[in-house]
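See structure below.
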Amino acid sequence: MVPSPLHSPPLWPLAAYFFAVLILTGGMLALSWVLGGRRMGRATGEPFECGVPPTGSARQRWDVRFYLIAMFFVIFDLESIFIFAWAVNVRALGWAGYAAIVVFIVILMAALFYIAREGVFDWGRGSAERGVRSAEK
């Protein structure tokens, strides 16, 4: 049964929840400001990683291939979510859904073979020169 516009549910619970959240977060912030420490020790501003003192600069350069691999992981990870959603609804989608997921996987494999052929995954010696030669073509 759909409620009519004249008999819509009251909005006061939503407003009460909103004000309770504001009071709770404001209270936590105020309490941490009152009870928090004020001293700045000798090591307060230094970076800390698992109890190991830092060595070298944090501003070192990373090869762009690390970022490419991360982007490919995210892309193919998202594709697996689409395939999982298809697998959950495989009976309801029928043959049309099967054909759609086959086309989807074929396009995904074509993209994977393309980036592999371009040498993105070649991390061995001389891969930078191969990348330069493939860009000049």
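The values are calculated or read from the model by the stated rules, or taken from the named source; none is laboratory data. This is a predicted model, so every value here is computed, not measured. As a convention, Cβ positions derive from the backbone with ideal geometry for all residues, glycine included, and neighbour counts pool all protein chains shown.
Computed values, structure above
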item: Test set (1) of a type in the set (D, E, K, R); (2) modelled with pLDDT under 90; (3) not in a loop (DSSP other than H, G, I, E, B) - residue 91 fails condition number; result: (2)
item: Selection from region 50-88 of residues that are in a helix (DSSP H, G or I), among the acidic types (Asp, Glu) and without any contact (Cβ under 8 Å) to a residue 24 or more places away in the chain; result: 77
item: Conditions (1) more than 28 Å from residue 120 (Cβ to Cβ); (2) among the small types (Gly, Ala, Ser); (3) at pLDDT 80 or above; number of the one not met by residue 80; result: (1)
item: Matching entry among 101, 69 (being at pLDDT below 90 and aliphatic (A, V, I, L, M)); result: 69
item: Residue 22 being over 27 Å from the mean Cα position of the chain (by Cα), of a type in the set (A, V, I, L, M) and at pLDDT 95 or above; result: yes
